[in-house]
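The values are calculated or read from the model by the stated rules, or taken from the named source; none is laboratory data. Just so it is clear, the structure is predicted and the values come from calculations on it, not from any experiment. Because the Cβ atoms are built from the backbone with ideal geometry, glycine has one as well, and the counts that use them run over all protein chains shown. Note: accessible area is taken over every heavy atom of the protein model, side chains too, but ligands, DNA and RNA are not part of it. Shrake-Rupley method; radii C 1.70, N 1.55, O 1.52, S 1.80 Å.
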Amino acid sequence: LSWAQFGHFCVVSALWFLQQAVLANRLLAQCSNLTLPELDALRFGFSQYDTDLSGVIPAADLFSLLQDMGEEYTEMEIGLTENYLDPDGLGTIQFSEFVHWWCE
């Protein structure tokens, strides 16, 4: 790893962390009943399925994610939730949509 590559890595990392902070502030402003520790817990749980850190998970992983978070839903409830969180039917759920749903 060269110094130039290391420098580039540091800049990209700093931008990513800044982006996450901005997203967190926006989500907290939109979900008044959500605390920062709760948001961090949601982010951590979501990140276990967001392996490429794109902010998106496969809709098929929703059931496992909710189970990992200690939530119990029926298959019917999961199906309805998937339809709500993935209205375009692309099979993906965005983190911001997941947080908004969680706040409701």
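Of Asp61, Asp50, which residue is of a type in the set (Asp, Glu), open to solvent by less than 60 Å² (accessible area, probe 1.4 Å) and in a loop (DSSP other than H, G, I, E, B)?
Asp50
Pairs under 6 Å by beta carbon, first residue of a type in the set (Ser, Thr, Tyr) in region 38-59, partner modelled with pLDDT of 90 or more, six or more apart or different chains?
Partner pairs satisfying both residue conditions: Tyr49/Ile57; Tyr49/Asp61; Tyr49/Leu65.
Tell me which residues, restricted to region 84-95, are part of a helix (DSSP H, G or I) and more than 13 Å from Gly45 (Cα to Cα).
Tyr84, Leu85
Restricting attention to region 73-83, does a residue exist that is among the acidic types (Asp, Glu), part of a loop (DSSP other than H, G, I, E, B) and without any contact (Cβ under 8 Å) to a residue 24 or more places away in the chain?
No, every residue in region 73-83 fails to be among the acidic types (Asp, Glu), part of a loop (DSSP other than H, G, I, E, B) and without any contact (Cβ under 8 Å) to a residue 24 or more places away in the chain.
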